[in-house]
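All remarks here apply to the structure that follows.
The values are calculated or read from the model by the stated rules, or taken from the named source; none is laboratory data. In this text, all values refer to a predicted model and were calculated from it rather than measured experimentally. Cβ placement follows ideal geometry from the backbone for every residue including glycine, while neighbour counts extend to all protein chains displayed.
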Amino acid sequence: MSRFALRRNPDEEYRASSLELFFDLVFVFAVTQVSHLLIEHLSWKGALESGIALLVVWWAWQYTVWATNEFDAEQIPIRLLLIVIMMASLLMAIAIPEAFGDRGLLFASAYVFIQVFRHAFMTFVAADRGTVERRRAAHILTWFCAGGVFWIAGGIAEGDARILLWLVALAIDYGGPLVTFRVPWMEPIETGDWNVGGSHFAERFQLFTIIALGETIVLTGATTAGLELDGGTITAFGFAFVSTVCLWWLYFNYIATRFERMLVDADDRTLAGRDMYTYGHVPIIAGIILCAVGDELVIAHPSAVLEPSHLLAVVAGPVLYLLSFLPIRWRLTRGVPMKRLVGAAACVAIGLIAHAAEFSAVLVGGLLCAVLVAVVVTETARPVHPDEPVRAGADAAE
């Protein structure tokens, strides 16, 4: 088979394939593992460890999205590539609860294999010698090999040394796109060397957002199912469900379509995809996962006064989610989403008052839910058409 035949035509519109949706099932499990890791280690160190795990899961997934945006997932070699990555991703997800314990080397080795194997395939199998496709894949492969040294070393190390080594590895992995994967001894590449299929690319990130939202539904249902259905539990369950609906509404009402349109119309789709999706969606996903953890804490003990660490987790979810749209908005228009910013400030105020007045968990959950509903209502009252032009400084991505 011709290597060119493996690639999509970037001028054609195409959607996510059934194999890509099947591939995402592993990451449903991975997101669940990350949220459970945080629930079981609600401390600053636990938050750091959970954050590292989430960033690893995200980086493994989204680089595969860049690959399937370029390659036709219906071709047999690409199918086999995705299936191998899927198996390695499942091993990585299995290791997450003990990634900072006995399974650190499995976690790191699986992640390094995913990244190196994928881009070795893209460099030496799917691209001809001397082509820009091989050159750009080789640049990324070099960065992953450099970061892989620290990942494996961290997997072998223990305690704080593992965390430190993995933070260095994350800095390498996440820093690569910012400098377009510069390698001193190789010919430079530019963002124009990629051909990004806008609709497919945006759809894949929308689907991962659904995966994260699904985790809030799973935790809400699973936690409620194991409890006596008294008034407090039912009330907390209701607040959790309405809050999840609000999270969905605030992303999919028009923001998702607006982001897609901006990507499709961008002069440099690679740069737009990097900023809006590769980096820009990290806090969005993290905020949703934190909301899922907070819902679980409130439902489990609705009438209790939340411990400070639990209260922080419950409040941090809505705050991070509402603020997560600020960097993208500022990057695009130098404006800020004021309604969401005010909503985040209201959530912080609720947290401070709840701590001082010792509010019950269900009361805190209800107040935070009310803030999310208020933001939804105020935004919906001023509908923005997805194709409306973005104006610098405007408050159109609230």
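So, Glu215, is that one surrounded by 16 or more Cβ atoms within 10 Å (Cβ to Cβ), modelled with pLDDT under 95 and over 20 Å from Leu271 (Cβ atoms) or not? Considered against the rule, which asks whether it is surrounded by 16 or more Cβ atoms within 10 Å (Cβ to Cβ), modelled with pLDDT under 95 and over 20 Å from Leu271 (Cβ atoms), Glu215 comes out as yes.
Can you name every residue in region 97-136 that is touching an Asp or Glu at 6+ places or on another chain (Cβ under 9 Å), in a helix (DSSP H, G or I) and farther than 23 Å from Ile39 by Cα? Answer for region 97-136, where residues must be touching an Asp or Glu at 6+ places or on another chain (Cβ under 9 Å), in a helix (DSSP H, G or I) and farther than 23 Å from Ile39 by Cα: Gln115, Met122, Thr123, Val132, Glu133, Arg134, Arg135, Arg136.
Whether a residue is modelled with pLDDT of 95 or more and basic (Lys, Arg) was assessed, and Arg118 passes this test. Which ones in region 205-222 are in contact (Cβ under 8 Å) with a residue 40 or more places away in the chain and either under 16 Å from Leu25 (Cα atoms) or of a type in the set (Lys, Arg) (or both)? Those that are in contact (Cβ under 8 Å) with a residue 40 or more places away in the chain and either under 16 Å from Leu25 (Cα atoms) or of a type in the set (Lys, Arg) (or both): Phe205, Gln206, Leu207, Phe208, Thr209, Ile211, Ala212, Leu213, Gly214, Glu215, Thr216, Val218. Are there any pairs, at least 6 apart or on different chains, whose C-beta atoms fall under 6 Å, with the first in region 241-270 and outside the structural domain of Val298 (by TED's automatic domain parsing) and part of a helix (DSSP H, G or I) and the second surrounded by fewer than 19 Cβ atoms within 10 Å (Cβ to Cβ) and among the basic types (Lys, Arg), and if so, which? Once the first residue is outside the structural domain of Val298 (by TED's automatic domain parsing) and part of a helix (DSSP H, G or I) and sits in region 241-270, no partner that is surrounded by fewer than 19 Cβ atoms within 10 Å (Cβ to Cβ) and among the basic types (Lys, Arg) comes close enough. When the criteria are applied in full, Ser309 fails the requirement of being touching a residue at least 40 places away in the same chain (Cβ under 8 Å), surrounded by 21 or more Cβ atoms within 10 Å (Cβ to Cβ) and assigned by TED's automatic domain parsing to the domain that holds Thr233. Can you pull out every residue in region 330-343 that is surrounded by 23 or more Cβ atoms within 10 Å (Cβ to Cβ) and assigned to a helix (DSSP H, G or I)? Arg340, Gly343, listed by residue number.
Taking the stated definitions as given, is Phe181 in a loop (DSSP other than H, G, I, E, B), without any contact (Cβ under 8 Å) to a residue 60 or more places away in the chain and among the aromatic types (Phe, Trp, Tyr)? In short, yes.
Go through the residues of region 184-198 one by one and say whether even a single one is modelled with pLDDT of 95 or more, in a loop (DSSP other than H, G, I, E, B) and not assigned by TED's automatic domain parsing to the domain that holds Phe259.
Within region 184-198, none of the residues are modelled with pLDDT of 95 or more, in a loop (DSSP other than H, G, I, E, B) and not assigned by TED's automatic domain parsing to the domain that holds Phe259.
Determine, yes or no, whether Ala202 is within 24 Å of Val28 (Cα to Cα) and in contact with an Asp or Glu (Cβ under 9 Å, 6 or more places away or on another chain). Judged against the criteria, Ala202 is a match.
Residues considered: Asp295, Asp275. Of these, the only one that is at pLDDT 95 or above, of a type in the set (Asp, Glu) and in a helix (DSSP H, G or I) is Asp295. Within region 81-121, how many residues turn out to be under 23 Å from Ala157 (Cβ atoms) and among the aromatic types (Phe, Trp, Tyr)? Looking only at that region, the number is 4.
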